[in-house]
Amino acid sequence: MRKASITRKTNETDITLDFAIDGAGTAIINTGIPFFDHMLNLFAKHGMFDLDLQMRGDIDIDYHHSVEDVGICLGQTFREALGNASGIQRYASGLIPMDEALCQMAVDISNRPVLVFDYAFPKTKIGTFDAELVEEFFQAFVSNARLSLHVKILAGSNLHHISESCFKALGIILDQATQIDPRKTGVPSTKGVL
């Protein structure tokens, strides 16, 4: 099973995270940020990833450090669980709707971290969650997972639905890209290494 664990403690957050690519979509998540827990649960469920995440953060200040640090830890465990990426599909893309919202996403598990996020979340809140932290999470995750990820919101008016379409898409697209193709041998690159 492709899995990894991390414990990361800073002056701002204390995180323990276990992640499995080849999971059943089981999520045990406690960040102290209910909306963020909901989004991460969607990511795990629709990606068929197992995710056990326990975090204490300085959420009395705001949610920024906590969201970013979870992105860092999840990205690092994703990268470690993937190993040398031998036999994976590597690429995946799709359109993921959530009611009136529509997210287009494409990924290349390339070992070159690039995020193109073609949507400007307004500086407002979804409940108590700063909407702009969705992109902040994606940036931290992509930088540490070392992916090339393109995200484009094609439709949507409800920020909860737009966010949900992004997190569901991330799970679904990464699940597709990490699938082992029995026809492929070795690392999926003409360079011989990602």
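Please treat every number below as a calculation from the coordinates, not as lab data. The shown structure was predicted, so the numbers you read here are calculated from the model rather than taken from an experiment. All Cβ positions, even for glycine, are placed from backbone atoms using ideal geometry, and neighbour counts span all protein chains on display.
Counting pairs of alpha carbon atoms under 8 Å apart in space and at least six apart in sequence, what relative contact order in percent does the chain give? Kindly include the intermediate steps, with their values, before the conclusion.
Numbers: 469 pairs, mean separation 50.5, N = 194.
Relative contact order comes out at 26 percent.
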Quiz prompt | Cut-off under 5 Å, modelled amide H: who pairs with ILE29 long-range | solution = LEU53
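Just add up the charged neighbours of ASN158: K/R +1, D/E -1, any other residue whose Cβ is under 13 Å from the Cβ of ASN158. Don't skip to the end; give the middle numbers.
On the way: positive: none; negative: ASP99, GLU100, GLU164.
Residues near ASN158 contribute -3 overall.
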Quiz item: Under a straight-distance cross-link criterion of Cα-Cα below 24 Å, which lysines are reachable from LYS3, leaving out those fewer than 8 residues away in the same chain?
Solution: LYS45, LYS168, LYS184
Quiz item: How large is ³J(HN,Hα) for each residue in region 83-97, as worked out from phi by the Karplus curve 6.51 cos²θ - 1.76 cosθ + 1.60 (θ = phi - 60°), to whole Hz, x for Gly and Pro?
Solution: x, 8, 6, 4, x, 6, 5, 6, 10, 6, 7, x, 10, 10, x
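What net charge do the residues around VAL107 carry, taking every other residue with its C-beta under 15 Å from that of VAL107, with Lys and Arg at +1 and Asp and Glu at -1?
On the way: positive: ARG79, ARG90, ARG112, ARG146, LYS152, LYS168; negative: ASP108, ASP118, ASP175.
Net charge in that neighbourhood comes out at +3.
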Quiz item: Can you list the aspartates and glutamates whose alpha carbon sits under 18 Å from that of LYS152, skipping same-chain ones fewer than 8 residues off?
Solution: ASP99, GLU100, ASP108, ASP118, GLU132, GLU135, GLU136, GLU164
Quiz prompt | Among ALA81, ALA155, ALA131, residue whose mean-square fluctuation peaks in a GNM of the chain (springs only between Cα atoms under 10 Å) | solution = ALA155
Exercise. For the chain, state the semi-axes of the equivalent ellipsoid (square roots of 5 times the eigenvalues of the alpha-carbon gyration tensor), sorted largest first and rounded to whole angstrom.
Key: 26, 20, 14
Quiz prompt | Alpha carbon centroid spacing (whole Å) that separates region 95-161 from region 8-79 | solution = 16 Å
Quiz prompt | Calculated from backbone phi, Karplus (6.51, -1.76, 1.60) coupling profile of region 44-61 in Hz, x at Gly/Pro | solution = 5, 4, 7, x, 6, 9, 8, 9, 10, 10, 10, 9, 10, x, 7, 6, 6, 7
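Hey, what's the Cα Rg ratio for region 19-94 versus the globular rule of thumb, 2.2 N^0.38 Å? All intermediate terms of the calculation are to be shown ahead of the outcome.
Working: Rg = 13.5 Å, N = 76, 2.2 N^0.38 = 11.4 Å.
For region 19-94, the normalised Cα radius of gyration comes out at 1.19.
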Practice problem: Quick one: what are the phi-derived ³J(HN,Hα) couplings along region 167-176, Karplus 6.51/-1.76/1.60 with θ = phi - 60°, whole Hz, x for glycine and proline? | Solution: 6, 5, 4, 4, x, 5, 5, 5, 4, 5
